[in-house]
């Protein structure tokens, strides 16, 4: 399902239309279309093998698509070699040139554009200052920490004012704390420079933190493109609901307006206008359960985990239904084997 | 086998390997007029005789520039060949791969006789460039093996990064790929040089009256064993040591060649 | 990467075709110039020449065996010792490897001769009374060839032992296996590829050996390469030399082809 809903404000800077690519029998991209607005940060989120990296390579020019076209600012770049595309890219492993100093790395794209020496010095200085690495000019990449290498890669990708910034899972190699710092920093920089950006990741949490919009990919096709809240609250299908965040997904039939009949005979009150008789999916986020909710579930706790701010409980309900529930961590962790009742309100249930 | 026994056995094998290299040092410094061991006294006479003999010096220079030219030619031909073999997909690539390594497998005597037959027809016997061509054939597999190993370990995303940042393919090659391959290039060039500098069988057939150092040594061993050759050997060993140090310092592939 | 991939190989290909493949094929052609296989009949029929082939085969086999016996402990030790000692080992293996065969052969002549270093030492220490015949015979050729070819055995074995995940023998030791058992049950099977690669290389290189038998054999140890050289340089019998070369070449390739069937295709790629 491809939703054009909420395509951000402003004009489309990057336009991908019907791009297809196959490797032998494997369909890597199945006629993918999407657009990214000027200054927007769009995340392509998907598991490995979903085609997201191939899509990025097509945009960067490292892979030629079998069909479809890519335009930037209205100009068709599908046939241009990478060198002519004016796209800044941060690679997964940063791809810093190990034999060149930090300064020479950042100066590289400017030299390739025959920028004058004084101008290069000025812009490299600016870019390094922007990523807070002033003073590291003479170091070699291997003399830097992972986070610092990442900043150099970022400086190198933005120093020549590219039309587009591509980030290919750039935070994968960093530890959690550093990753969170870098995420915020990248976001700040991207906003400040107004860079149209595509960010690739398999980490849904990261996608939610960083993005204006998220495109969820699976099996070479885009499953849903929407804002972060939209993706989380109103996923378009099972895959998106399951891939982004923790979820309880059930399937049933609309038996009456606002009423879903589950296979075990239970009825759920929901807030949906789906026509009676329609087969629907039901998404209940674990954290939306609360004592006293309208739709009640009673079950035995089979697993209880303390997670700091919350308890994560797995319930075995009557009728064999398993349910994942999160409750604020107050008091003692409920013991496994106890039976509890939780509820969820109709407007907290998403029907798709 | 217990570790201690293993170490003892290996010590003997190391000794066996190094013995011939070590034994020429005292002999080259002997004061005796003929081969004698242990040397009765110390003298530089054999080094002086080597340096004073224009034939030896000629042969040395000839071997040096033939080795240098061989290294250059083998790199110029072998590096692009290795790029093709590792990175390109074309029909007959596997065949070319075997052809490129065949000069190691085909016995040198056969290659020598074959090229001798051809060069006799082409009047190339006794020319230094004829030897360079033949030595290049022999050195090519070394260059291909070393460069191919370097290329296989090469991180292609660096080249993609360079191209994405605006570098043409040519500039990417000159600014990124070749500089990063420099250790492999150094090793390959030095190995090609040494393989030519040491080479005797082909030279025996092709050198004619223009002696290379190994051919001169061969003739000397056949005629008379006088310790001049020990002095020459010592210098040869020192040169190889220098080359190995250079490879260890600036090159790569010695340990990788064990793969 | 696809269409533009071949042309860089072209100059090297031309060199190999013109100065390698063509001359070898041309030379081999001499053997059937007369339109008959007479020269092959002579090479493979006459007892004298058959003996040379048999001799060569025997020496190559023996050299391979001795190299394996010496090379395995060395390669194993180098792969399992500290980096410093490994470097020492590499120096001891690579320095001889890249030193001219002539230098080494000369040194062995000095060492093994009637009045050589070894015989002197033996006699002066009273271990023997007469000089041992070590040079200009089978023993001399064997020693010289093993010395030249040992590195070719050590390097693949070193590589094979290095590839054995150290966790595997450690796990076996943890499960109570003795070091002898660990060797026979773990290292040996896991390094068979290296043993095989080294043995094939040494054997094939031995078949074509020329300098060492020519100098250390003193004319008394006839190997096929020496015979070829004699036919070309002394008797100028090109067709016969060509026939001998063809037989040697076919045998060499046969050994390789056979060897490749028994190993995973990882030799060149």
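Observations on the structure shown:
- Any chance residue B:22 is assigned to a helix (DSSP H, G or I), facing chain C (nearest Cβ under 9 Å), free of Cβ contacts under 8 Å to residues at least 40 places away in the same chain and surrounded by fewer than 16 Cβ atoms within 10 Å (Cβ to Cβ): yes
- One residue from B:95, B:75 being within 27 Å of residue C:25 (Cα to Cα), more than 7 Å from every other protein chain (Cβ to nearest Cβ) and either part of a loop (DSSP other than H, G, I, E, B) or at pLDDT 95 or above (or both): B:75
- Of all residues assigned to region B:60-69, none qualifies as being assigned to a loop (DSSP other than H, G, I, E, B) and more than 14 Å from chain C (Cβ to nearest Cβ).
- Within region C:111-140, considering residues that are under 23 Å from the mean Cα position of the chain (by Cα) and assigned to a helix (DSSP H, G or I), the one farthest from the other protein chains (Cβ to nearest Cβ): C:138
- Checking residue A:330 against (1) at pLDDT below 90; (2) surrounded by 15 or more Cβ atoms within 10 Å (Cβ to Cβ), the condition it does not meet: (2)
- If you go through region B:170-184 and keep only what is in contact (Cβ under 8 Å) with a residue 12 or more places away in the chain and within 13 Å of chain A (Cβ to nearest Cβ), you end up with B:172, B:175, B:176, B:177, B:180, B:181, B:182, B:183.
- Test result for residue A:244, in contact (Cβ under 8 Å) with a residue 40 or more places away in the chain and out of contact with any helix residue (DSSP H, G or I) (no Cβ under 9 Å at 6 or more places or on another chain): no
- Options C:50, C:16: the member that is farther than 30 Å from residue B:247 by Cβ, part of a helix (DSSP H, G or I) and free of Cβ contacts under 8 Å to residues at least 60 places away in the same chain: C:50
- The set of residues from region A:133-182 being assigned to a helix (DSSP H, G or I), at pLDDT 90 or above and under 17 Å from residue A:41 (Cα atoms) comprises A:154, A:157, A:158.
- Candidates B:158, B:118: the one that is part of a helix (DSSP H, G or I), touching a helix residue (DSSP H, G or I) at 6+ places or on another chain (Cβ under 7 Å), free of Cβ contacts under 8 Å to residues at least 40 places away in the same chain and under 30 Å from residue A:112 (Cα atoms) is B:158.
- The set of residues from region A:85-128 being out of contact with any helix residue (DSSP H, G or I) (no Cβ under 6 Å at 6 or more places or on another chain) and assigned to a loop (DSSP other than H, G, I, E, B) comprises A:85, A:86, A:92, A:93, A:100, A:101, A:113, A:114, A:115, A:116.
- Only helices (runs of 4 or more DSSP H) whose full extent lies in region C:182-269 are considered here, and the ones with at least 3 residues that are buried (at least 17 other Cβ atoms within 10 Å of the Cβ) and more than 10 Å from chain B (Cβ to nearest Cβ) are C:192-207, C:211-216, C:238-262.
The values are calculated or read from the model by the stated rules, or taken from the named source; none is laboratory data. Predicted model only: the values in this text are computed from it and were never measured. Backbone-built Cβ (ideal geometry, glycine too); neighbour counts: all protein chains shown.
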